[in-house]
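Data block below; observations after.
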Amino acid sequence: MLDLKGYEWSLVEGAWVTLQVALLSLVLAAALGMLGALAKLSPYRWARAIATLYTTVIRGIPDLVLMMLIFFGGQMLLNDSLYRVNEWLNDYFLSSDPNHEWTSYLPDYIEISPFVAGIITIGFIFGAYMAETFRGAIMAVDKGELEAAKAYGMSGALAFRRVLLPQMIRHALPGFGNNWLVLLKTTALVSIIGLDDMVRKGALAAGTTQMPFTFYMTVAVIFLLFTTLSTSALKWAERRFSIHTR
């Protein structure tokens, strides 16, 4: 039996953090992806331009660079902006009434946790990929069915929920599943910004015990377990949403 030198529970805790980051990032990515897809298919030029810029920029920058940019650069930019706003408020109120005691209720410093930064970054990155997946799925739905729904008196929201969405899900599932599997593996990057996920826990254990192969192999096996279970669930979902086409 594999001897993990008492680090079993530490790896389990790290695996739970990894799974949380992955699932919450998926929710954010799906929401951004749907908004991006609808914007790309929008009749408004400004909406199409914003969505195209978003997907182009995100897909052109490495994930690791975006992770560090949002966590380190974004945190510095946010706190610098807070400092400037507080300075402006102090100058404004003191210049209008020097005897007035002004107390700012804005914080002097905001620290972004690695957990939140990881979710935002990964969700933001994969929202761009989801947008293309959802856009293709929406375009694959027969437009005649939407026209028939409108002819029956359905509102746009009702036609989307009862006609477009179920068929869109069927077309989007293969691409959605691929994005999820890549997203799951991308969560390993959050260890770079200090989050105690499974990869960081494994690295700390490997450094302490001088057993890198054992712990990195264990982390790899856990990731493989996650992806295997995900693949099985995705295959079930594809069969479930393809019942009426067989």
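Note on segment 14-61 and segment 126-205: Cα centroid distance 9 Å, given to the nearest whole angstrom. Take each peptide in 19-30, 72-83, 215-226, count the other Cβ atoms within 10 Å of every residue, and average; sorted highest first, the result is 19-30, 215-226, 72-83.
Rounded to whole Hz and in sequence order, give me ³J(HN,Hα) for segment 151-158 from the Karplus expression 6.51 cos²θ - 1.76 cosθ + 1.60, θ = phi - 60°, writing x for Gly and Pro. Karplus-based 3J(HN,Hα) across segment 151-158 equals 5, 7, x, 6, 6, x, 5, 5 Hz. At an R0 of 30 angstrom, the distance between the Cβ atoms of residue 157 and residue 19 translates into a FRET efficiency of 0.35.
Among the lysines, which fall within straight-line cross-link reach of residue 235, defined as a Cα-Cα distance under 30 Å, with same-chain neighbours fewer than 8 residues apart omitted? By straight Cα distance, residue 235 reaches 40, 143, 185.
Radius of gyration (Cα atoms) of the chain, expressed as a multiple of 2.2 N^0.38 Å: 1.32. Taking segment 5-22 and a reference point 7 angstrom along Cα→Cβ of residue 208, the backbone N atoms nearer than 11 Å belong to 5-11.
Take the chain and mark each of the GluC sites (Glu not before Pro) that is in a DSSP loop with at most 10 other Cβ atoms within 10 Å; the longest unmarked stretch, sites excluded, is 112-246.
Kirkwood radius for segment 110-168, taken over all pairs of different Cα atoms as the inverse mean of 1/r, rounds to 13.8 Å.
Using just its DSSP H runs of length 4 or more, each adding -39500 (n - 2.57), the chain gives a mean residue ellipticity at 222 nm of -25000 deg cm²/dmol after division by all residues. Using a Förster distance of 51 Å, how high is the FRET efficiency between residue 42 and residue 90, based on the Cβ-Cβ distance and rounded to 0.05? Given R0 = 51 Å and the Cβ-Cβ separation, E is 0.75.
No value in this document is a laboratory result; all are computed from the given coordinates. These figures come from a predicted structure and were not determined experimentally. Cβ atoms come from the backbone with ideal geometry, glycine included; neighbour counts cover every protein chain shown.
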